[in-house]
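Read-outs: derived from the displayed coordinates by stated rules, not from any lab. Keep in mind it's a predicted model, so treat the numbers as computed, not measured. Cβ sites come from the backbone with ideal geometry, for glycine too, and all protein chains shown count toward neighbours.
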Amino acid sequence: MSITLFFITFHHSEERPPTSTKMPSQKSFRTKRILAKAGRQNRPIPQWFRLKTDTKIQYNAKRRHWRRTKLNI
């Protein structure tokens, strides 16, 4: 019983506050260009690159999830 109560209180203390950054539907060209670059960078590495010899890189370490990490623009 006490472990469950601890987990519930600990779990609720880790919640993030809601972010108030809203994106307007009419974006400026500068904002759209930044979003396009971020979308291009947010992809896994190609399979042929992983199969190359002497390659230590197995995945894209800078991969970003749209809900977890924001771009702050």
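Values computed for the structure shown
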quantity	calculated
Mean Cβ neighbour count within 10 Å, used as a protection proxy, ranking 55-61, 27-33 highest first	27-33, 55-61
In sequence order, calculated HN-Hα J values of the range 57-73 (Karplus, 6.51, -1.76, 1.60; Hz; x Gly/Pro)	7, 10, 8, 7, 6, 9, 5, 10, 9, 5, 9, 7, 10, 9, 8, 6, 10
